[in-house]
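Asker: Structure incoming, see below.
The values are calculated or read from the model by the stated rules, or taken from the named source; none is laboratory data. Just so you know, these numbers come straight off a predicted model, no measurement behind them. Counting neighbours? That spans all protein chains shown, and the Cβs are built from the backbone with ideal geometry, glycine included. The protein model used for the area step is the full one, side chains on, heavy atoms only, and it has no ligands, DNA or RNA in it. Shrake-Rupley method; radii C 1.70, N 1.55, O 1.52, S 1.80 Å.
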Amino acid sequence: MSRVYNWQLGREMDYPFEGVRPEKQFAMIFDTNKCIACQTCTVACKTTWTSGRGQEQMLWNNVETKPYGYYPLGWDVNILDKHGVQEMDGPEYQGRTLFEAAPDGEIVLGYTPDDEDWAYPNIGEDDCTGSMEQGALLTMPHMQWMYYLPRICNHCTYPACLSACPRQSIYKRPEDGIVLLDQQRCRGYRECVKGCPYKKVMFNPVTRVSEKCIGCYPAIENNRQTQCTITCIGKIRLQGFISRPDEIREDNPMDYLIHGAKIGKPLYPQFGLEPNTFYIPPIHVPPQYLRQMFGWGVEDAIDTYKRASEDPQLLGAMLLFGATPEIIHHFKVEGRNVIGYDAKRAEVVRVPMREPIYMRVEYDSDLDVHRTNVT
């Protein structure tokens with residue numbers, strides 16, 4: 001065991017592997033308030049990476065309807081039940097991580113899903129908590145709620161899959177923190193599947209080895225955002241790199257949204273893996289549920305998100321979502337625009353802070369035509 005610092009927990013923790021933090025870390029932010037579960041991201045990922053034999057039920061990217069959706073079946077309620085009740089009410093997590101809660105002889109507390117658990121990717125889709133009584137009016141925030149949760153591999157800073165693999169087939173790239181699996185070394189023991197609490201390592205029954213999201217690293221190496229990000233029609237995603245916790249840059253949109261504005265929250269930080277996909281929490285969901293899923297500070301994140309129109313810096317960073325297929329390393333608000341820059345500080349995108357409005361007259365004298373729609 002080594003002692004490593006987990007900034008999401010606000011403390012050091014035990015980790016059964018060498019804890020080496022990369023210079024920059026692949027990361028993604030999802031705005032759950034904008035996701036409509038169109039599954040464009042899922043299809044884009046599927047057709048790009050998992051269209052082969054043995055991958056029929058394999059979705060590296062999926063979108064679940066919470067609270068009743070899961071892929072695989074019951075992935076989070078099962079591990080939460082094993083983990084037990086943990087307190088998430090302050091900046092320093094007092095409970096146990098999955099590494100610290102591991103049974104004797106085990107690396108991490110986990111479980112292996114049954115094969116049929118992977119067969120229901122859309123279970124619970126659009127299901128709400130409870131029903132509306134006759135005559136009830138829908139108000140915001142409303143009691144009957146659900147929301148969509150897009151998920152990919154978290155490319156964790158302290159991956160459970162990596163530490164659980166007896167073959168050391170899984171490794172974390174030092175240049176960008178992407179977690180990859182060497183299929184040449186893999187022998188299909190499925191310890192990685194058991195260890196990952198997010199169940200984002202999957203077993204191929206044809207090749208008899210495990211597979212997982214590769215973070216679209218061929219695109220990343222060419223300064224392009226991931227396939228699921230650039231195809232998202234709702235512009236709910238921003239992919240880039242976050243800095244080390246002691247080297248935060250305010251002009252990095254990822255650093256700013258996660259560490260500055262603090263509206264990007266990790267998924268189940270109490271597991272202790274320091275996941276690197278972050279979520280802007282849904283504004284209409286009971287805080288007790290959100291604290292369990294995204295940890296401490298969700299109420300402040302929602303309040304900040306609601307007031308984005310009053311903060312040009314925050315609004316500008318959020319307008320970069322879906323604005324360009326290139327990775328944005330730096331940004332600034334200048335006048336009425338937010339500008340995104342690449343790693344060499346060359347401008348790659350310029351987005352107006354306010355959309356222009358054009359009014360057309362009802363009668364066009366040049367063309368001698370009348371327009372009934374003048375908006």
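Asker: What angle do you read, to the nearest 10 degrees and between 0 and 90, between the alpha-carbon axis of helix 40-49 and the longest principal axis of the chain?
Answerer: Value to nearest ten degrees: 50.
Asker: Between Ala119, Ala160, Ala37, where does the largest GNM mean-square fluctuation fall for the chain, given springs only between Cα atoms within less than 10 Å?
Answerer: Ala119
Asker: Please give me the summed charge of the neighbours of Glu175: other residues whose Cβ is under 12 Å from its Cβ, Lys and Arg +1, Asp and Glu -1.
Answerer: That sum, taken over residues with Cβ under 12 Å, equals 0.
Asker: Between the stretch 81-143 and the stretch 45-65, what is the C-alpha centre distance in whole Å?
Answerer: After rounding, the separation between the Cα centres reads 22 Å.
Asker: Counting only DSSP beta bridges with both residues in the chain, tell me the antiparallel percent, nearest 5.
Answerer: Bridges in the chain that DSSP calls antiparallel: roughly 90 percent.
Asker: Separate question: Please report the base-10 log of the normalised intensity I(q)/I(0) for the stretch 152-244, using a Debye sum with one equal scatterer per alpha carbon and no solvent, at each q in 0.15, 0.18, 0.26 (1/Å).
Answerer: -0.61, -0.84, -1.33
Asker: Let me ask you something else. Sorted from largest to smallest, which semi-axis lengths in Å does the alpha carbon gyration tensor of the stretch 45-94 give for its equivalent ellipsoid, taking the root of 5 times each eigenvalue?
Answerer: After scaling each eigenvalue by five and taking roots: 32, 13, 10 Å.
Asker: Here's a follow-up. With charges only on Cβ, +1 for K and R and -1 for D and E, what is the dipole size of the stretch 196-286 about its Cα centre, in debye, rounded to 20?
Answerer: 440
Asker: Among the trypsin sites (Lys or Arg not before Pro) in the stretch 147-196, which ones are in a DSSP loop with at most 15 other Cβ atoms within 10 Å of the Cβ? Mind listing them?
Answerer: In loop regions of the stretch 147-196 (DSSP not H, G, I, E or B), the sparsely surrounded trypsin sites (Lys or Arg not before Pro) are Arg167, Arg185, Arg187.
Asker: Compute and list, largest first, the equivalent-ellipsoid semi-axes of the stretch 65-186 from the alpha carbon gyration tensor, each √(5λ) rounded to a whole angstrom.
Answerer: Square roots of five times the eigenvalues give 34, 19, 16 Å.
Asker: What accessible area per residue comes out for the stretch 58-170, rounded to a whole number of Å², with a 1.4 Å probe?
Answerer: For the stretch 58-170, the solvent-accessible area averages 48 Å² per residue.
Asker: Please sort 57-68, 12-23, 356-367 by packing, taking for each peptide the average over its residues of neighbouring beta carbons within 10 angstrom, highest first.
Answerer: Descending mean neighbour count gives 57-68, 12-23, 356-367.
Asker: While we're here: Enumerate the lysines that Lys262 could reach by cross-link, defined here as Cα to Cα under 27 Å, with residues fewer than 8 away along the same chain left out.
Answerer: List returned: Lys24, Lys34, Lys66, Lys172, Lys199, Lys200, Lys235, Lys306, Lys332, Lys344.
Asker: GNM, the chain, Cα, under 10 Å: largest mean-square fluctuation among Ser163, Ser210, Ser131?
Answerer: Taking springs between Cα atoms under 10 Å, the residue moving most is Ser131.
Asker: If you don't mind, there's one more thing I want to ask. Over the alpha carbons of the stretch 10-79, what is the largest minus smallest coordinate on each principal axis, giving the biggest first in Å?
Answerer: Largest to smallest, the principal-axis extents are 39, 30, 26 Å.
Asker: Using the scaling law 2.2 N^0.38 Å as the reference, what is the normalised Cα Rg of the stretch 1-136?
Answerer: Compared with the compact-globule rule of thumb, the stretch 1-136 sits at 1.31.
Asker: To continue, here is another question. Taking the Cα centre of the chain as origin and charging only Cβ (+1 Lys, Arg; -1 Asp, Glu), how large is the dipole, in debye to the nearest 20?
Answerer: It comes to approximately 820 debye.
Asker: Now a separate question. As an exercise, find the ratio Rg/Rh for the stretch 333-372 from alpha-carbon atoms, using the Kirkwood inverse-distance average for Rh.
Answerer: Computed over Cα atoms, the ratio is 1.37.
Asker: Then there's this: Shape verdict for the chain, please, from the Cα gyration tensor: rounded (a/c under 1.5), prolate (a/b greater than b/c) or oblate.
Answerer: Prolate shape, in that a/c is at least 1.5 and a/b is the bigger ratio.
Asker: With the Cα gyration tensor of the stretch 266-324 in hand, convert its eigenvalues to equivalent ellipsoid semi-axes via √(5λ) and list them largest first in whole Å.
Answerer: For the stretch 266-324, the semi-axes come out at 23, 15, 9 Å.
Asker: Here's something else I'd like to know. Counting only protein heavy atoms, what percent of the accessible surface of the chain is carbon or sulfur at a 1.4 Å probe?
Answerer: 50
Asker: Also, quick follow-up: With springs connecting C-alpha atoms under 10 Å apart, model the chain as a Gaussian network and identify which of Gly84, Gly340, Gly177 has the largest mean-square fluctuation.
Answerer: Sorting by GNM fluctuation, first place goes to Gly84.
Asker: Order the peptides 271-282, 238-249 from the highest to the lowest mean number of other Cβ atoms within 10 Å of their residues.
Answerer: Result, highest mean first: 271-282, 238-249.
Asker: Take every Cα-Cα distance within the stretch 235-348, group them into 10 Å bins from 0 onward, and report for each bin the whole-number percent of pairs it holds.
Answerer: Spelled out bin by bin, the stretch 235-348 gives 14, 45, 32, 9, 0 percent.
Asker: For the chain, what is the mean residue ellipticity at 222 nm derived from helices alone (per DSSP H run of n ≥ 4: -39500 (n - 2.57); sum divided by total residues; nearest 500 deg cm²/dmol)?
Answerer: -4000 deg cm²/dmol
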